[in-house]
1. Where the only charges are on Cβ atoms (+1 Lys, Arg; -1 Asp, Glu), what is the dipole of the range A:125-182 about its Cα centre, to the nearest 20 debye?
2. Run a plain Debye calculation on the range A:34-103 (Cα atoms as equal point scatterers, no solvent) and give log10 I(q)/I(0) at q = 0.11, 0.12, 0.13, 0.19 Å⁻¹, rounded to two decimals, same order as the q list.
3. Over the alpha-carbon set of the range B:97-218, divide Rg by the Kirkwood Rh and report the Rg/Rh ratio to two decimals.
4. With +1 on the Cβ of every Lys and Arg and -1 on the Cβ of every Asp and Glu, and nothing else charged, how large is the dipole of the protein assembly as shown about its Cα centre, in debye rounded to the nearest 20?
5. In whole Å, what is the distance between the alpha-carbon centres of the range A:119-149 and the range A:159-173?
6. Sorting A:His118, B:His17, A:His201 on the 10 Å Cβ count, fewest up front, what's the list?
7. Along the charge dipole of the range B:102-268, pointing to its positive end and built from +1/-1 on Cβ of Lys, Arg, Asp and Glu, which listed residue (B:Pro199, B:Pro102, B:Tyr145) has its Cα farthest out?
8. Evaluated at 4 °C with a viscosity of 1.567 mPa s, what Stokes-Einstein diffusion coefficient in µm²/s does the protein assembly as shown have when Rh comes from the Kirkwood expression over alpha-carbon pairs?
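Read-outs: derived from the displayed coordinates by stated rules, not from any lab. Predicted, not measured: the structure shown is a model, and the values here were computed from it. Cβ coordinates were reconstructed from backbone atoms using ideal geometry, including for glycine residues, and neighbour counts include every protein chain displayed.
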Amino acid sequence: MIVMETKNLGKIYSFDSIKVTALNNVSIQINQGEIVGIMGPSGSGKSTLMNLVGCLDRPSQGEIWIAGSRVDNLNDNNLAIIRSKQVGFVFQNYNLLPRLKVIENVELPLIYQGVPSHLRRKKADEVLERIGLKERMHHKPSQISGGEQQRVALARALVTNPSFILADEPTGNLDSKTGKEIIKLLQDLNNGGVTVLLITHDRFVAEHTARVIHLKDGEVIENEALPNPIREV
Amino acid sequence: MRLCQTQSERCKLNISHTLKIVISSISSNKTRNFLTMLGILIGVFAIVLMVSIGEGVRQEVNKQIEGLGANIIFVTSGNPAQRTESQRMGPPGMGGFMGVTPLTNQDHQALLTIQGIKVSPLISRSGILSYSDLTDTVQVTGTNYTYLEIASLPLLEGEFLSKTDEDALDKEAVIGYRIYTEILNSDALNKTVYINDIPFKVIGVLKERGISMMGDQDSEVFIPFKVMQDMANNENITTINVSVDSQDEIESVKKEITTVLKDIRGTENFRLTTQSQMLEITGTIIGTLNLALGGIAGVSLLVGGIGIMNIMLVSVAERTREIGIRKAVGARRKDVLWQFLLEAIFLALVGGVLGLLFAYIGSLVLKNFDVPSAITFSSIVIALIFSTIIGVIFGVYPAYRAASLEPIVALRYE
Ligand SMILES: Nc1ncnc2c1ncn2[C@@H]1O[C@H](COP(=O)(O)OP(=O)(O)O)[C@@H](O)[C@H]1O
Ligand SMILES: [Mg+2]
């Protein structure tokens, strides 16, 4: 089953009279339960693609389909609902809310879904348990390490049971050891059925996925299947 | 695909979460937010305190006017047609403006011819009272025996001026309670006191009556009005109090008085005031006063509101990234709008409540200094409603700015 699909997707940034074509004619399909790498050098349009399929931004052309519905033409309110229900984001710089405790950060997406507080707490508890951070739940983000913050971000992305997780350079701010832990976590989650899009410029990181889509200058140049992805242990 | 829970459930949840966020955000910037609230605090403090002083004064004045008796007509000199509203506001007896023909014994005599009323003349002036080696400034009032009844004076001991006008020529005095205790050492009857160096025999003492809008009633001395006129060397009378048996007679008696006095004075150069008129006038004055004070307080609320708007715009700018994160995890425009609007309302409301608190303390302090003030329920409600409205008005624009941020722009903000 196709979870997410783009058709001839294009994005042109324009300021004043200068136009930058960040994405051109990108058509990709992501199946339920896949772990897919999106790879390319810096400036190749990876983040632009993530922002579009994550409904944070609108394409200049083409279509985006998520869970069988077309979403690129929805209004702001409905895009917010798609983000709320279908997409889980993991950013390079974690993007946790510094004033909220770990558990409250994880609960945040559920608040915007209108989940009652006792259920919120229960679900957030479960996810933190799953990623092994339960004992840190009452800490503020500033009181835990970068790797732990990224795991909290992952928990926040997972708590709503989204159709897929978008991780944009999730190891970019981490040392290689903690980076590997995050990748292993993503692999484990994928084994448990979660669909993962792992965006990276790093060949080594991309080789942990089962399929790598190569981007260059905003276009897909290769769709490479990896029969034996690296497994972190 | 089920996109949303029921609207009301979602809304309720958001408010409790939002309140938590708002409180944590406000407490994380205590100084800044307190300074912002200060504008609203001062505005509400001013409104509530001013209105309560106005209300207190009104209640006090009304109590005293009512204490004068419902069926009294105050006759004073002056031309009613030439008087402006502001000149009319003074208490009876302030008729001594320049160029005004004063009331005299002749007018008093003439009024005595009217049937079924009681008439008492009043002449008031301050004087120096001394006894043994003690001296004090007192209010000397020349009147006659009818005043005891008209003004319902409470006697402590002795008697009031009791002789008829023709016979009341002896230098006798009835003294107020404070003079009795502080100057005569609570032993006054038949003692001789000196008023402006003239000896008077004390024939009566009044019970404690307290402070009125005309001064300390317990520092008052009553003497026969003809004696007072002798001392002043004229026949002038400040006010003539006329009391009628029932309120229904007031209008007809006023007509009679007008006829009689016009006849004797030639023109209508006198003024008749009743209690209900005085109540009406004080009502108007205090209403105007409140309006003016309300205007001043309104301006300070406006300034406070602008302060809130300013700080909210700063807060939105500082928290752009937070807004982006919230939108990324599913917050809709209205979720963000509510968050910032509630924060503004909360700021204004806390300022308002603090203002109320200070106003309450202020009114207690004022009471200690004998300034009447009364915080009414309506002034509390008005203060709270006003600060909420200020929060909404000045919070809407910053909240709208926050809500309208594009998620991707907000997330990229450094
Ligand atoms: N907001 C923007 N405004 C203008 N140009 C942008 C913007 N975001 C990205 N770009 C441009 O689009 C291209 C792709 O950028 P990006 O998607 O961030 O690449 P990557 O994530 O692969 O490094 C780059 O040339 C970049 O300069
Ligand atoms: Mg990027």
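1. Here the size comes out at about 80 debye.
2. Reported log10 I(q)/I(0), two decimals: -0.34, -0.40, -0.47, -0.92.
3. So for the range B:97-218, dividing Rg by the Kirkwood Rh gives 0.98.
4. 3720 debye
5. A separation of 16 Å, based on Cα centres.
6. A:His118, A:His201, B:His17
7. Among B:Pro199, B:Pro102, B:Tyr145, the one farthest towards the positive end of the dipole of the range B:102-268 is B:Pro102.
8. Using the Kirkwood radius from Cα pairs, D works out to 41 µm²/s.
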